[in-house]
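No value in this document is a laboratory result; all are computed from the given coordinates. Everything numeric in this text was worked out from a predicted model, so none of it was measured. Because the Cβ atoms are built from the backbone with ideal geometry, glycine has one as well, and the counts that use them run over all protein chains shown.
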Amino acid sequence: MDEQFRQWRMKAIVERAASYTAGTLDSRALAALEEQLTYTEFKASVMQGNDGGRLLEYVNTNVIFQAGVDFESKPMVVFCACKLPSAKDVDYDRLLNLIIFRLDEFVENDYTVVLFTSGATHSPGWQWMSKAYRRLDRKYRKNVKSLYVVHPSMWSKVLFQVLGRIVR
């Protein structure tokens, strides 16, 4: 996420510089513009996207959402991998950012994950899965107290077997 944020920030700095100064920019003005760009603005930009926020709404209602609490009063986060949109229709990097932003609401305390994988019509490639796993740093993994996989597909069984050997 940090690299994407840096790239977005530099692009935004150049765009703002061009709009504010009609192409002429000294180092003092550049530093002032750089200070204005925050992670919050990056998050807002990714959430809005170029589709008016439709992907954000889809992710929050169909892909990842809270479904109450478990018997220990920990929030239950439901992740429906079976509802992932086609990689041809959406940018999976943006999708991953939206999933991470949604997880940010839960990672500070213990939580339970319920994963639905069966019946998926669109499954991400191994390269994207590896990238997603690397992007989920310790803060996302340390407070997961339970992981329930409901009706695991062959793809998810293989994935958990491979990741289980790597993570140990």
TODO: Give me the distance in nm between label points sitting 7 Å out from Cα along the Cα-to-Cβ direction at residue 104 and residue 50, one decimal.
DONE: 2.3 nm
Open item on the list: Using a Cα-Cα cut-off of under 20 Å, which lysines could be cross-linked to residue 74, ignoring same-chain neighbours fewer than 8 residues away?
Closed with: 139, 142, 145
Task: Amide H contacts of residue 64 (H built 1.01 Å from N, under 5 Å, at least 5 apart or other chain) - done: 80
